[in-house]
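Please treat every number below as a calculation from the coordinates, not as lab data. No experiment lies behind these values; they were computed from the predicted model shown. So basically every Cβ, Gly included, is an ideal-geometry build from the backbone, and we count neighbours across all protein chains shown.
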Amino acid sequence: MTFAHPHRGKGYVFSTDGGDSASSNLHKSKTKLDEVSGVDGWVIHDIRRSARSGLAALDVSKDVARTVVNHADGKVDAIYNRYDYAAEKREALEKWAATILYLTDQEVI
């Protein structure tokens, strides 16, 4: 199991092939992450919660933050708003990645 750096690999953090594709077994990824980090007692959903809270702290709009964590805003919005927010999600996730790297004393690339 490889935990690819999001800027150095192909883009997938939880990956079994260096970031080329996403892991299909999050339990296996979490177990490996527990081992290499020495931290346990958390659940995968904690990552989504932390990301969503962090995006709010970075002043990312609610619409963009919701799409980043794949939360729908309701049936009517899903019908009428087909925009994918790709550029905005990329910007938000780059801000979040820079924050994580700063907090972990890693170099921002």
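Listed by chain and number, the lysines whose alpha-carbon sits under 18 Å from that of K62, ignoring those within fewer than 8 places in the same chain, are K75, K89, K95. Per residue of the chain, what 222 nm ellipticity follows from adding -39500 (n - 2.57) for every DSSP H run with n ≥ 4, rounded to the nearest 500? Here the helix-only value at 222 nm equals -16000 deg cm²/dmol.
Cα gyration tensor of the range 36-109, axes a ≥ b ≥ c as square roots of the eigenvalues: rounded (a/c below 1.5), prolate (a/b > b/c) or oblate? Taking the square roots of the gyration eigenvalues as a ≥ b ≥ c, the range 36-109 is oblate. Comparing S53, S37, S21 in a Gaussian network model of the chain (Cα springs below 10 Å), the most mobile by mean-square fluctuation is S37. Measuring from label point to label point, each 7 Å out along Cα→Cβ, what is the V39 to D20 span in nm? Distance between the two pseudo-spin positions: 3.0 nm. Label-to-label distance for D59 and A98 is 1.2 nm, based on points extended 7 Å past Cα in the beta-carbon direction.
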